[in-house]
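The values are calculated or read from the model by the stated rules, or taken from the named source; none is laboratory data. Note that this is a predicted model, so its numbers are computed, not measured. No Cβ is skipped: glycine too gets one built from the backbone with ideal geometry, and neighbour counts run over all protein chains shown. Quick note on the areas: whole protein, heavy atoms, side chains included, nothing else; ligands and nucleic acids left out. Shrake-Rupley method; radii C 1.70, N 1.55, O 1.52, S 1.80 Å.
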Amino acid sequence: MSPEKRKVLKRLVKIRLLAELAEVSETYLSQIINGHRSAGRDLSYRLAHAANLLSVQKEFFTPQDFRDE
């Protein structure tokens, strides 16, 4: 995830709520957001969808933002 998108995500989205919607722990989500881990394909799609819903920015976040690929 780019530093710019990371800032937007942290500013607009409650991490606890994003974790709940994506069905992942807050700890694991934090590691993904901060670049210490990479989400798998299914989880990256869930995270992108939930982040876009919570930030009210259609298609701003993509699954690739949550993966190292």
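Observations
- Looking only at segment 1-11, and only at residues there that are closer than 15 Å to ASP68 by Cα and not in a loop (DSSP other than H, G, I, E, B), the one that is most open to solvent (accessible area, probe 1.4 Å): PRO3
Okay, residues lined up against (1) free of Cβ contacts under 8 Å to residues at least 40 places away in the same chain; (2) open to solvent by 60 Å² or more (accessible area, probe 1.4 Å); (3) not β-branched (Val, Ile, Thr):
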position	(1), (2), (3)
LYS14	no, yes, yes
LEU17	yes, yes, yes
LEU21	yes, yes, yes
GLU26	yes, yes, yes
ILE32	yes, no, no
SER44	yes, no, yes
HIS49	yes, yes, yes
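- On inspection, TYR28 passes the criterion of being out of contact with any helix residue (DSSP H, G or I) (no Cβ under 7 Å at 6 or more places or on another chain), aromatic (Phe, Trp, Tyr) and assigned to a helix (DSSP H, G or I).
- Pick from segment 59-69, criterion open to solvent by 50 Å² or more (accessible area, probe 1.4 Å) and acidic (Asp, Glu), ranking: farthest from SER2 (Cα to Cα): GLU59
- Yes/no for SER38 being open to solvent by less than 60 Å² (accessible area, probe 1.4 Å), among the polar types (S, T, N, Q) and assigned to a helix (DSSP H, G or I): no
- Looking only at residues of segment 12-21 that are closer than 17 Å to MET1 by Cα and assigned to a helix (DSSP H, G or I), we find that the one that is modelled with the lowest pLDDT is LEU12.
- So VAL56, is it open to solvent by less than 50 Å² (accessible area, probe 1.4 Å) and either at pLDDT 95 or above or not basic (Lys, Arg) (or both): no
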